[in-house]
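As C-alpha cells, the structure follows; a few thoughts come after it.
Rule-based calculations on the coordinates, nothing more; no lab input. The model shown is predicted, which means the values in this text are computed figures rather than measured ones. Neighbour counts are summed over all protein chains in view; Cβ atoms, including those assigned to glycine, are modelled from backbone coordinates with ideal geometry.
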C-alpha cells in the first residue's frame with residue numbers, strides 16, 4: 001500500500017516518506033509532511049513496509065526493509081517523473097534510518113530524518129551511525145529535545161561524521177514522537193506543523209538540476 005501526493009509532471013525533486021517501527025504510512029508526522037509538501041507543489045510518496053501490510057507488529061529484517069525502500073523510491077521516481085538522483089529520502093525513526101542506509105549506498109538528493117533513532121533508549125553504546133561517514137548529501141535532522149533515542153548533544157556530535165551539509169530542527173521538550181510538554185506552551189499539532197515546515201524549507205533549498 002502506498003499513497004502519492006502532489007503534481008505528476010513538471011517536478012525536479014520528490015520526497016519519499018517511510019514510517020517508523022510502531023506506526024504505518026498514515027502516521028500523523030508523515031501525513032502532515034505530505035500535505036505541506038503538496039501545498040508547496042513537491043510530490044511525495046508514503047508507503048507501508050511488508051510487515052505492516054501483513055498485519056504483523058515486528059519489523060521485517062533489514063534486507064527486506066532496504067529492498068522495500070528501494071522499490072518505493074523507484075515507484076516515486078516513476079510517478080513524479082524525476083530521475084532517482086533527484087529524490088529526497090527520509091521518514092520517521094526506523095524508516096528514516098533505513099532510508100539513510102539506502103542513501104549511503106545509492107545516493108540521494110537529500111535526507112529528511114524525523115526522530116532519527118541514534119540508539120535504543122538507555123543504550124547509548126549501541127549506536128546506529130556506522131554509515132554516517134558515507135553520507136555526502138545534505139541531511140535534515142528533526143528531533144525532540146527529550147528524545148530518549150538520542151539527545152541533541154549526542155546527535156550533533158555524531159552527525160559530524162556526515163560529509164554533506166547538516167541541518168537541525170529541534171522540537172523544544174518534544175519526545176521521540178515529537179510530543180512536547182504542556183508546560184512548553186507548544187501544542188502537539190504546532191510541533192508537527194513545525195516539522196513539516198522544516199522539511200519543506202529543507203527540500204526547496206536543495207540545489208536545482210544543472
> In what sequence do 102, 15 fall when counting other Cβ within 10 Å, fewest first?
Replying inline: 102, 15
> Remind me, what semi-axes does segment 129-197 give for its equivalent ellipsoid, largest first in whole Å, using sqrt of 5 times each Cα gyration tensor eigenvalue?
Replying inline: 25, 13, 8
>> Let's test the formula: R0 of 35 Å, r as the Cβ-Cβ distance of residue 184 and residue 39. What FRET efficiency results, to the nearest 0.05?
In response: 0.85
> In percent, how large is the relative contact order of segment 55-210, given Cα pairs closer than 8 Å and 6 or more residues apart?
Replying inline: 16 percent
> If you count, for each residue, the other Cβ atoms within 10 Å and average over each peptide, how do 120-128, 107-115, 145-153 line up from highest to lowest?
Replying inline: 107-115, 145-153, 120-128
> How do 33, 99 line up, fewest other C-beta atoms within 10 Å first?
Replying inline: 99, 33
